[in-house]
Amino acid sequence: MTSPAAPLRTLLPAVCRSPHKPLTPVHHVERRSKRRSLACSSCQRKKVKCSGPPPCEACAATNSECFFEPLTDKRRRLTRKAVEKDMESYRLVSMFLISILRSGKEDDVNKLVKEIQKASSLDSALADLQSLISREKS
């Protein structure tokens, strides 16, 4: 059987016991190196520790471009809000596409397909659809 844990007692700092010096507490302060909570893109890619403000030591040693992307840090509120905004935007586009496809109106479907086909990339197609949605709402 184990007894309930007793509260831990507070320890005092070590005392210097030299005959030539009065008793004084000895304070050893260990300083940890300051690290950023987010590594630069180059250090993230190489999976090495990043020392901090641009240029970091690793980038300076390799003459790499040192830049930070705050939206890649998933722990930050700003990142979470940006992701939530993007997700809501994607949800609206998906709902718009599904509603047009479910309506079965051939003219609307053909208009949508042409809008997507004339875009130069997937991102521009998404932007075109988002602007089309905002025009439909107003």
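Straightening the chain between ALA119 and ASP86 buys 9.9 nm, computed as 0.36 nm per residue apart minus the Cα-Cα spacing.
Of the trypsin sites (Lys or Arg not before Pro) found in the range 93-124, those that fall in a DSSP loop while having at most 12 other beta-carbon atoms within 10 Å are LYS105, LYS118. Surface exposure of the range 45-124, expressed per residue as accessible area with a 1.4 Å probe, stands at 83 Å². Of the chymotrypsin sites (Phe, Trp or Tyr not before Pro) found in the range 39-135, those in coil by DSSP whose Cβ has at most 13 other Cβ atoms within 10 Å are PHE67. Computed extension gain for LYS49 through ARG77, at 0.36 nm per residue and net of the alpha carbon distance, reaches 7.8 nm.
Across the range 45-54, computed HN-Hα scalar couplings (Karplus, 6.51 cos²θ - 1.76 cosθ + 1.60, θ = phi - 60°) run 5, 7, 6, 10, 5, 9, 8, x, x, x Hz from first to last residue, x flagging Gly and Pro. Sorted from longest to shortest, the spans of the Cα atoms of the range 74-137 along the three principal axes equal 45, 25, 17 Å.
Cross-link reach is defined here as a Cα-Cα straight distance under 12 Å, omitting same-chain residues fewer than 8 places apart; for LYS118 the aspartates and glutamates meeting it are ASP128.
The values are calculated or read from the model by the stated rules, or taken from the named source; none is laboratory data. Every value quoted in this text rests on a predicted model; they were computed, and no experiment measured them. Every residue, glycine as well, gets a Cβ built from its backbone with ideal geometry; the counts of neighbours run over all protein chains shown. The area values use the complete protein model at the heavy-atom level, side chains included, leaving out ligands, DNA and RNA. Shrake-Rupley method; radii C 1.70, N 1.55, O 1.52, S 1.80 Å.
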